[in-house]
1. Working only within segment B:268-287, note down all residues that are under 35 Å from the mean Cα position of the chain (by Cα) and more than 7 Å from every other protein chain (Cβ to nearest Cβ).
2. Of all residues in segment A:250-265, which are aliphatic (A, V, I, L, M) and farther than 17 Å from B:Ala245 by Cβ?
3. May I ask you to verify whether B:Leu157 is among the aliphatic types (A, V, I, L, M) and within 14 Å of another protein chain (Cβ to nearest Cβ)?
4. Is it true that B:Ile172 is in contact with a Phe, Trp or Tyr (Cβ under 6 Å, 6 or more places away or on another chain), at pLDDT 95 or above and not small (Gly, Ala, Ser)?
5. Can you tell me which residue in segment B:91-114 is modelled with the highest pLDDT, limited to those that are charged (D, E, K, R) and within 18 Å of B:Val69 (Cβ to Cβ)?
6. Does B:Val77 qualify as being at pLDDT 95 or above and crowded, with 17+ Cβ neighbours inside 10 Å?
7. Give the number of residues within segment A:253-276 that are over 19 Å from A:Asp301 (Cα atoms) and in contact (Cβ under 8 Å) with a residue 24 or more places away in the chain.
8. Of the conditions (1) outside any helix (DSSP H, G or I); (2) more than 7 Å from every other protein chain (Cβ to nearest Cβ), A:Asp291 satisfies every one except a single condition; which number is it?
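The values are calculated or read from the model by the stated rules, or taken from the named source; none is laboratory data. Fair warning: this is a prediction, and the values are worked out from it, not measured in the lab. Note that we place each Cβ from the backbone using ideal geometry, even for glycine, and neighbour counts take in every protein chain shown.
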2 protein chains.
Amino acid sequence: MEIVRERLREDILETAAFGKLGVETGHGRTVLTGSEADQAAREYFVERLESAGLTVRIDPVGNIAGRWVPDGVDPDVEPVAMGSHLDSVPQGGIFDGPLGVYGALEAVRAVQDADITPERPLEVVSFTEEEGGRFGIGTLGSSVATGSRPLEDVLELEDDEGWTLADRLSSIDFDGDETIDPTGWNAWLELHIEQATRLESTGSDVGIVDSITGITNCSADVRGEADHAGATPMDDRTDALVAAAEFVQAVEEIASDIATEHPAAVATVGRQTIEPNVRNIVPGRVNVELDIRDVEHETMDALVDRFRQRLERIAERRSVETTFDRFRDDPPSHMSDRCTTAAVDAADRCGATAKRLHSAAMHDTANVSDVTDAGLLFAPSKDGVSHNPKEWTDWDDCATATRVLAETAAQLATSSAE
Amino acid sequence: MEIVRERLREDILETAAFGKLGVETGHGRTVLTGSEADQAAREYFVERLESAGLTVRIDPVGNIAGRWVPDGVDPDVEPVAMGSHLDSVPQGGIFDGPLGVYGALEAVRAVQDADITPERPLEVVSFTEEEGGRFGIGTLGSSVATGSRPLEDVLELEDDEGWTLADRLSSIDFDGDETIDPTGWNAWLELHIEQATRLESTGSDVGIVDSITGITNCSADVRGEADHAGATPMDDRTDALVAAAEFVQAVEEIASDIATEHPAAVATVGRQTIEPNVRNIVPGRVNVELDIRDVEHETMDALVDRFRQRLERIAERRSVETTFDRFRDDPPSHMSDRCTTAAVDAADRCGATAKRLHSAAMHDTANVSDVTDAGLLFAPSKDGVSHNPKEWTDWDDCATATRVLAETAAQLATSSAE
């Protein structure tokens with residue numbers, strides 16, 4: 001199969017013009033759900049789907065799907081679907097999302113042009129609000145499509161300006177009434193930029209993801225005694241910040257220890273709030289928030305247990321009161337063997353060097369993998385930079401990864417394996 | 001000499017009515033410079049001074065002094081002055097300040113009633129804005145009177161509502177044009193509540209302060225790399241918060257070590273700011289602010305040196321960039337031997353148990369001690385609580401400490417020692 005690099009490049013660059021930032025180096029864009037830029041990007045996408053002979057559907061949360069039914073194929077057979085998202089973070093890059101959307105469309109066009117006969121329809125999808133840039137919740141559209149969030153609740157979410165998601169979608173005329181149901185897909189593939197340097201540093205053309213890490217978040221609260229910083233002798237203090245500092249160090253130490261055997265395991269204290277946070281008062285209370293990830297749920301549980309135990313030891317030794325709350329627990333997602341095997345074979349056929357790896361960032365594929373066979377491919381990211389106008393993937397790399405995507409989709413759509 | 005406990009109690013309780021808080025337990029008040037409550041408290045004070053036969057002066061920064069010249073004493077002889085302040089922190093207590101002001105007035109009344117002949121005038125003083133509750137700078141009025149801050153600058157200070165100190169003083173008619181000059185005082189005494197528990201825990205009636213700790217403030221800045229909390233492996237991070245946490249612990253460890261030989265030495269990280277302070281981003285930058293105090297300037301310098309060295313070691317080992325800035329350095333203040341000896345003798349004559357101690361909190365006396373002989377007495381604080389409506393000193397304790405103040409002042413005013 002032949003990928004037309006210039007056709008793919010043109011679609012991505014046309015999309016990059018919507019919400020374009022005036023930056024000196026790189027190509028930046030801001031595309032928030034329901035903005036004018038989002039409307040323009042969506043309208044261009046619909047036009048490109050229809051130009052390629054795909055039939056477009058839009059669902060109530062604004063997800064867009066285009067279906068191509070090859071000649072002679074029963075339109076009711078479960079399709080192989082592919083795609084990603086068109087929205088961006090504020091001041092984001094032009095590849096994060098659009099590469100997967102237009103890579104999927106280019107893959108369909110490549111299959112159409114090639115001398116092969118798929119046995120299933122092919123579907124190209126763009127999910128709404130993957131970044132959570134406007135409504136604060138990532139992978140929002142795919143979570144509704146896969147049934148993990150109720151549509152009614154999501155439509156009532158409000159952005160910072162007090163608009164609901166329903167308002168925003170209605171204002172750009174993308175509040176559809178059709179159905180996009182991943183449970184009815186035979187398989188799903190997403191192509192995305194890596195947002196890290198494992199492909200670049202190993203000179204690999206394409207990444208084939210085995211797992212997407214789970215995320216668990218915890219809140220550790222440390223309560224000491226707020227006291228006068230001058231009048232309270234060193235041996236008469238119950239300083240919540242010093243106790244919390246010991247815990248912050250322990251989190252790094254324990255996670256580094258576990259990571260020697262589980263290299264994807266990470267734990268971070270990214271956020272800390274201090275009361276009263278005044279220079280001349282011994283801190284009375286500190287809250288730290290943890291982000292814990294791994295490709296194995298057991299490892300995440302083990303990290304949480306060790307953090308909890310260490311916090312209890314600190315509480316005893318330093319006479320502070322502590323609480324530990326695990327308030328979010330999204331388990332890891334595993335790609336299906338059928339999809340990853342097909343991708344490995346496809347890369348082989350394309351002469352592309354493939355690297356098996358995990359994804360530490362969330363993707364719509366995590367939701368889709370809950371309801372059908374899913375695969376996730378990565379293209380190299382220059383210096384790993386992402387969510388930034390300096391985000392970059394060479395056009396040749398885009399084309400190579402898209403070719404692997406197209407070969408994988410073609411194989412999934414022609415094999416009879418369930 | 002006889003202290004009339006009820007007269008002292010009445011003055012403090014009358015003053016407590018100005019800016020009174022509606023609290024369930026305790027007696028709270030908010031008296032900010034230039035407020036109606038401040039005006040009422042000042043007017044009551046002037047009236048009480050005049051009732052006791054003192055001649056009142058008000059200076060351009062609103063400091064108030066009342067002078068009593070005993071019969072036969074040359075009015076130009078340097079007086080012995082005493083006092084404190086009438087303002088409070090927001091939601092403060094009723095003893096912090098007023099005990100020292102009305103204790104001073106009661107001391108003069110006691111001398112007047114007693115069968116002794118002072119050789120010097122006695123002066124009762126209330127300094128403006130000791131707490132810094134409205135204009136953000138503590139011991140403001142005494143800093144102007146003693147020449148450490150220029151009057152013109154201070155009058156131009158603006159509060160949160162955009163009023164200058166000049167505006168505030170003018171609005172309550174306490175912008176005087178007379179002179180209150182501590183360089184012309186033979187000696188100065190301040191009675192204040194302890195705001196700590198050293199007197200209570202040792203069953204002492206009165207504290208006789210040797211030194212007021214100096215304060216130095218430093219800012220330590222730690223710059224690492226902000227990174228994705230999922231995609232950045234543990235061994236590839238430059239986490240500014242973990243580095244800062246190591247420093248926070250080092251500050252406690254080093255200060256505790258030094259405090260074994262210098263018990264007044266304390267060092268506190270009370271304030272910490274983190275960028276970006278987002279749960280799923282490895283912190284890129286952390287700033288910590290230190291408050292360092294001791295009664296010896298050399299010890300403060302030694303603490304600063306050790307903190308700076310430790311920060312450099314952390315920077316090297318963790319590959320973070322650091323800067324360390326000592327942006328404030330107020331040296332310790334030492335009370336004059338003449339005043340403390342007089343106070344020790346006075347306590348002895350009163351049958352009061354006295355404890356020599358240091359003050360870890362700032363007082364107007366620190367400024368005055370730069371320009372004349374100064375002494376500072378403490379009355380016990382119940383549970384050490386202060387800056388709070390639960391602040392309390394028993395009336396008997398107020399009276400005992402005031403009697404020691406009166407005896408000390410009388411001795412200073414009758415001895416011919418310079």
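1. Those that are under 35 Å from the mean Cα position of the chain (by Cα) and more than 7 Å from every other protein chain (Cβ to nearest Cβ): B:Thr273, B:Glu275, B:Arg285, B:Val286, B:Asn287.
2. Narrowing segment A:250-265 to residues aliphatic (A, V, I, L, M): A:250-251, A:254-255, A:258-259, A:264-265.
Correct list: A:Ile258, A:Ala259, A:Ala264, A:Ala265.
3. Values: among the aliphatic types (A, V, I, L, M): yes; within 14 Å of another protein chain (Cβ to nearest Cβ): no.
No.
4. Details: in contact with a Phe, Trp or Tyr (Cβ under 6 Å, 6 or more places away or on another chain): no; at pLDDT 95 or above: yes; not small (Gly, Ala, Ser): yes.
No: the conditions fail for B:Ile172.
5. First pass over segment B:91-114, keeping only residues charged (D, E, K, R): B:96, B:106, B:109, B:113.
Narrowing further to those that are within 18 Å of B:Val69 (Cβ to Cβ): B:109, B:113.
Values: B:Arg109: 98, B:Asp113: 95.
So the residue we want is B:Arg109.
6. Working: at pLDDT 95 or above: yes; crowded, with 17+ Cβ neighbours inside 10 Å: no.
Taking the combined requirement at face value, the residue does not satisfy it.
7. The qualifying residues number 4.
8. (2)
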